[in-house]
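To start, the structure itself, in structure tokens.
The values are calculated or read from the model by the stated rules, or taken from the named source; none is laboratory data. A quick note: this is a predicted structure, and the numbers were derived from the prediction, not measured. FYI the Cβ positions are ideal-geometry reconstructions off the backbone, even for glycines, and counts take in every protein chain you see. With ligands, DNA and RNA removed, areas are computed over all heavy atoms of the protein, side chains included. Shrake-Rupley method; radii C 1.70, N 1.55, O 1.52, S 1.80 Å.
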Amino acid sequence: MRRQASLVLLNTLSLSRLPMAVAFIVIPDAKVRAGLVILAALSDFLDGWLARHKGLATRLGALIDPVADRAFMVTAILVCYLDGLVSLPELLLLLVRDIGTAVGFIVTRLVPGLRRVELKARMLGKVVTSLQLVTLLCVLLFPPAVRPLVALIAVLSLASVVDYSRAVLRARPRGPSRSRPSETTGARGTPMPSARK
């Protein structure tokens, strides 16, 4: 019972980034938005740390955490674009990794030979996410630093997409598989993440 309560609390912590995204939309104050970015980053770090170090990693949590994370990040970046704080090229460069990851996810679902591949977070992706958070803070509080950060994110995002693609291709099954779905796959052989991070 205690573990179940801990899991509910952990998933609630992850899902807290969704109302933060809504608050980012409705509250125009730059300092409040910067505070929301910091809170989102802290909640992301905390739920990942707790999941790993307290043995609370679950397949459900592994789905909730990245969805909530990207929902906040993409929402915040789009809001900054709509408010005229970033240009269209900067918007696209900031979202290169997210677009690439989304395309990669769709491809792994559509290509039969890749459906059993377990999708995991990669270090370069985590670096890009951290830089996106720093860039959002600079957009809100220190605009002169935005352009060089966007350029760095663009380069690392492309490297991240290449790294992610290579990891998926290396992990694909060799030849036809007759085994039953493993514990990391769903009933139809759909890959399920094994950890939250």
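For region 1-155, just say rounded, prolate or oblate: build the C-alpha gyration tensor, square-root its eigenvalues into a ≥ b ≥ c, call rounded for a/c under 1.5, and beyond that prolate if a/b exceeds b/c, oblate if not.
Since a/c reaches 1.5 but b/c is at least a/b, the shape of region 1-155 is classed as oblate.
If you plug each phi of region 150-163 into the Karplus form 6.51 cos²θ - 1.76 cosθ + 1.60 with θ = phi - 60°, what whole-Hz ³J(HN,Hα) values come out, in order, with x for Gly and Pro?
Those phi angles translate into 5, 4, 5, 4, 4, 5, 5, 5, 4, 5, 5, 5, 5, 4 Hz.
Order ILE25, ILE77 by their accessible area, 1.4 angstrom probe, all chains in place, largest first.
Heavy-atom accessible area, descending, gives ILE25, ILE77.
Quick one: net charge around VAL37, please, counting Lys, Arg +1 and Asp, Glu -1 for every other residue with C-beta under 13 Å from its C-beta.
0
Based on Cβ point charges of +1 for Lys and Arg and -1 for Asp and Glu, what charge dipole magnitude is obtained for region 21-140 about its Cα centre, in debye rounded to the nearest 20?
580
How would LYS126, LYS54 rank on accessible area, largest to smallest, probe 1.4 Å?
LYS54, LYS126
With a 10 Å radius around each residue's Cβ, average the other Cβ atoms per peptide and rank 87-95, 60-68, highest first.
Put in order of decreasing packing, that is 60-68, 87-95.
From the P(r) of region 29-69, could you give the percentage of C-alpha pairs in the tail past 16 Å?
Pairs farther apart than 16 Å: 42 percent.
Please compute the Kirkwood hydrodynamic radius over region 41-109, one decimal place, Å, based on all pairs of different Cα atoms.
13.8
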